[in-house]
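Remarks on the structure that follows.
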Amino acid sequence: MTITSRLYSHLRIFIAEKQFFSPSFQIYRSSIYVSIHRPFSDLCTNKKMATENKRPFKRLPCLITPINYQIRLAPNFEKLSFEGSESIDIKVNESTSEIVLNSNKLTMENSAEKCNVKLPKDDKTIKIKEIKYNVEEETVTLSLDEKLEPGMNAILNLEFTGEFNKQLHGFYISRYIGPDGKERLSAVTQFESTYARQAFPCWDEPAHKATFDITLIIPAGDNDDKIVALSNMPMKEEIRDSQKRRVVKFERTPIMSTYLVAFVIGEYDYIETRSKHGVLVRVYTPLQKSEQGRFALDVAARSLDFLTDYFQIPYPLIKLDLIALSDFDGGAMENWGLITYREECLLVDPANTSTIKKQNISLVVAHELSHQWFGNLVTMEWWTHLWLNEGFAMFMEFLCVDHIFPEFNIWKQFVSDIFLSAMDLDSLDNSHPIEILVGHPSEVDEIFDTISYEKGASVIRMLYHYIGDEIFRKGMKMYLSRHSYKNAQTEDLWNALEEASQKPVRRMMTTWTMQKGYPVVTVNCQGSRRLELTQEKFNSNGRLSDADKTLLWAVPVQVITAHNVQKPKSEILFEKRNDFLELDDTIDLQKEWIKLNPSAVATYRVQYQPEELFIRLFEEGIGQQKLDPVDRLNLINDLYSMTLAGRNNSEVLFRAIDSFRNECEYTVWTVISIIMAKYNQLLHGYDFHPKFVQFGSNLITYKVFGEIGWDPKPAEPYLQTLLRPLLINRLVTFEYPEIIKKCQEAFDDHVTKRKSIPADLRSAVYRAMAHQSTEEIWDKFMKLYDETDLQEEKNRLASSLGAVKKSEFIDRVLKFAISDKVRSQDSVFVVASVARNPVARRAAWEFYLANFELFKNRYENGFLGNLLVKSVTENFQTEEMAHEIEEFFRKNPVQAWERSIQQSIETVRLNAAMMARDTEKLTKYFQMK
Ligand code: BES
Ligand code: ZN
């Protein structure tokens, strides 16, 4: 089944389809009670990791710290290099004759005129005796001729040169073909997490905030007036220098961290508007594409207003630019006042952009806008608190989009996409606590992962529901005002929210952010209205370590009953090993059903011990649809995890799935389709696989597909529009003849330009055609690929190619993935699409091995490498493969991917264990169908 990874659902790049990977666990009971109020050192289960296999690392000394940087940068597009100079006002905190700051891949010439320290008051220049680079630490030590003393007013002057980064970090070149067919080069930046030091020497740690006066110098040329130069702040003045170059100076920034500095020099068009609060908002796009920025412009202005009102703190700058960059590693970056985006995450071409992509754009825009407060105004003190930035921005993007587009039902989608992907990953042994000790720069990029984003956002949502919107806002305002233009730690947030709510926020939340994993709560009935609750860590492999057995969480438990599914009946903060919950006398547990965790607001799983209770819950809650959709999807997902964990079995699971025959809700189908995708991977090659496929198409065609159909209905509810491509894509995977025929017709009409395929259905149609893979179809794909200049469409075509079946085409797609036709940022998704195709996954793995050096060179920094390694490994299901993967990476270790590699190997072993347990049952179940 071709479904895109959810592991990195926050990347939102190829979000139209979703994948799942397998946690499993077995029952472990422990009666050991350990207080949950333990110090960080104890709770932080990555303590061992922090000392083993880690590069030794020290943060910069604070003897000297920056106050203001004056930076001038002059790119040279011919030589692909740049020259720079800076004057940094520094504060001397302690007497020293050494200045240590970050610098990476920059060269400084040690001449007294170019590099020195000036003491303007004394009209004195101090020479730099020696410039010593520490490549490993990414620092430079400047030894001065004289000591600097506290209280001195000193300026550090440096001149330097550098080459543009060949990956998409630091200061790098982005290219696109302009409307005249000629290539345009722009110099652009991506500084988070530790790459500002590749553009100018600086104190490149989030806690060293300073102000910045940026000057950009545009190379002189015939059309140099067409080039725009952008930075965080509005332009202050522009002059031509003696070499006739345009020199563009920007206003001074607020006090901020280095990773948020940005510049862009290149040819772009723009459109603009003003937010209600009067901020000038612009969207910059490649030439002649400015109208494609219209949707994002509107979302940005509305988000800005929403967030200003929500936090009751104004956006502090007078302008906000959003720019679509053709070459971009991630999805987007929140640089203060100049947010950069991958084209696909910003541009909407009404005829060619799918609904889900548009929704994604609204989320990405809102995400980066939230960072303007959460991250930019108040910044994490160190990368350990990264989740504060990312988890929070992810939570806020949903709050914001829900406000702007209530019809999206975005909170329901939060549960099926964000919440569940966090829960799945976090049941692995190789997960990590939200708060994690981070040292060397090479460890930082790795934690921009599902735990920081999805789990971070999920635990904030849990807290939000625990204290309520009003108190949450009050606490947030307190937090943001208290730490504006400063740094904060996780504790500071808890303090503010605890103060606002008068609830034990810190005690509760520490259990979620400092411990790896989450609990499963087992429910037993005592009599007709007393529930007995027990908690223990939910571990996918069933081997709870002694440390695991001591873990406890503060779980806000709520219960709904059959009488009222909307309003929780009872509620406790469950923080012991065992506890009891009394329900009122309207309930009879011997006859009725209850459900814990209504709306899946808290991050735990539930196991209903008495079988009758569980059966009632399923029959009425799902069969008769008495439960809300989010509760329905929560139940089936819990059951699925229990199955992978060996606490239940696949036969029970498939019987349960069969009871979703009448299901018509998008978010529930998302989850069912994830489960089906997983089994499609696991069962591929077994005799009964065709029966499984039959089961899948029957499930979809029994009712829901008849309701939804191929063609959109006028004024249909929004989620139906999302459901259509999801179902059709699944039917394509199951090669449902009627749909394959429709796809062929639609493709023919499309390539002959009779009628274009609606954007929402394109990926399904393309995949159906890729299955057939003939030379003729290949040529048509290539023609479509070459003709479009919309990145979204190119990637849709390229990733659909992963569905090809014949081996010569599989090889061709893999070669295509790393050819010049595919941007480096996109190759990973094409290879991943092949790896998700069960007939091609072995070929994708071998291709990965054969091109390992190339992939390592391209993606060692950033998260694409992590995504790729997971994609090409995690769908295997045998011990031999687990061993093969393990051996390969033992011989070819890559520190920055280590956790992903371990997670994949663990997943493959869990897959194998599940198949060993359940193959027989599955065979029987499907053979009887
Ligand atoms: N701050 C990140 C960008 C980033 C990610 C920088 C990883 C360095 C390493 C930004 O706010 C972000 O989270 N971007 C996401 C998209 C977002 C909508 C979840 C991304 O780039 O995938
Ligand atoms: Zn972010």
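Answer yes if at least one residue in segment 431-441 is in contact (Cβ under 8 Å) with a residue 60 or more places away in the chain, closer than 30 Å to G865 by Cα, hydrophobic (A, V, I, L, M, F, W, C) and not in a loop (DSSP other than H, G, I, E, B), and no otherwise. Looking through segment 431-441, none of the residues is in contact (Cβ under 8 Å) with a residue 60 or more places away in the chain, closer than 30 Å to G865 by Cα, hydrophobic (A, V, I, L, M, F, W, C) and not in a loop (DSSP other than H, G, I, E, B).
Among the residues of segment 597-604, is any among the hydrophobic types (A, V, I, L, M, F, W, C), part of a helix (DSSP H, G or I) and in contact (Cβ under 8 Å) with a residue 24 or more places away in the chain? Checked against the condition, which is being among the hydrophobic types (A, V, I, L, M, F, W, C), part of a helix (DSSP H, G or I) and in contact (Cβ under 8 Å) with a residue 24 or more places away in the chain, segment 597-604 yields at least one hit. Annotation: of all residues in segment 590-632 being over 36 Å from the mean Cα position of the chain (by Cα) and within 15 Å of T522 (Cβ to Cβ), the one that is surrounded by the most Cβ atoms within 10 Å (Cβ to Cβ) is L613. In the condition set (1) over 23 Å from C400 (Cβ atoms); (2) assigned to a helix (DSSP H, G or I), K503 is compliant with all but (2).
Could you grab me the full set of residues in segment 212-244 that are within 17 Å of P75 (Cα to Cα), of a type outside the set (A, V, I, L, M, F, W, C) and surrounded by fewer than 16 Cβ atoms within 10 Å (Cβ to Cβ)? Those that are within 17 Å of P75 (Cα to Cα), of a type outside the set (A, V, I, L, M, F, W, C) and surrounded by fewer than 16 Cβ atoms within 10 Å (Cβ to Cβ): G221, D222, N223, D224, D225, K226, E238, R240, D241, S242, Q243, K244. The criterion of being in contact (Cβ under 8 Å) with a residue 12 or more places away in the chain and within 16 Å of ligand 2 (Cβ to nearest atom) does not hold for D426.
Restricting the first member to segment 327-354 and to residues that are outside any loop (DSSP other than H, G, I, E, B), and the second to residues that are away from ligand 2 (no atom under 16 Å from the Cβ) and at pLDDT below 95, the beta-carbon pairs closer than 9 Å and six or more apart or on different chains are E344/F14. Applying the condition of being over 17 Å from K794 (Cα atoms) and among the β-branched types (V, I, T) to segment 313-360 and asking which residue is farthest from ligand 1 (Cβ to nearest atom) yields I318.
In the set V438, V378, only one residue is of a type in the set (V, I, T) and within 14 Å of ligand 1 (Cβ to nearest atom); that residue is V438. For segment 613-620, the criterion of being within 19 Å of L723 (Cβ to Cβ) and part of a helix (DSSP H, G or I) is met by none of the residues.
Is it true that D424 is away from ligand 1 (no atom under 13 Å from the Cβ) and acidic (D, E)? For D424, the condition - away from ligand 1 (no atom under 13 Å from the Cβ) and acidic (D, E) - is met.
Of the residues making up segment 532-544, just one is hydrophobic (A, V, I, L, M, F, W, C) and crowded, with 23+ Cβ neighbours inside 10 Å, namely F538.
Every residue, every condition in (1) in a loop (DSSP other than H, G, I, E, B); (2) free of Cβ contacts under 8 Å to residues at least 12 places away in the same chain; (3) touching a strand residue (DSSP E or B) at 6+ places or on another chain (Cβ under 7 Å), yes or no:
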site: P690; (1), (2), (3): no, yes, no
site: A715; (1), (2), (3): yes, yes, no
site: L726; (1), (2), (3): no, no, no
site: I740; (1), (2), (3): no, no, no
site: D748; (1), (2), (3): no, yes, no
site: V765; (1), (2), (3): no, no, no
site: K780; (1), (2), (3): no, no, no
site: L784; (1), (2), (3): no, no, no
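Does T211 qualify as being in contact with a Pro (Cβ under 8 Å, 6 or more places away or on another chain), of a type in the set (V, I, T) and part of a strand (DSSP E or B)? In short, yes. The conditions of being surrounded by fewer than 16 Cβ atoms within 10 Å (Cβ to Cβ) and part of a loop (DSSP other than H, G, I, E, B) are not met by N648. Would you say R754 is crowded, with 18+ Cβ neighbours inside 10 Å and either at negative phi or among the hydrophobic types (A, V, I, L, M, F, W, C) (or both)? Spelling it out, it is not the case that R754 is crowded, with 18+ Cβ neighbours inside 10 Å and either at negative phi or among the hydrophobic types (A, V, I, L, M, F, W, C) (or both). For L388, the conditions (1) at pLDDT 95 or above; (2) within 13 Å of ligand 1 (Cβ to nearest atom) all hold with the exception of (1).
The values are calculated or read from the model by the stated rules, or taken from the named source; none is laboratory data. Quick caveat: nothing in here was measured; it's all calculated off a predicted structure. Methodologically, a virtual Cβ is constructed for each residue, glycine included, from the backbone with ideal geometry; neighbour enumeration extends over all protein chains shown.
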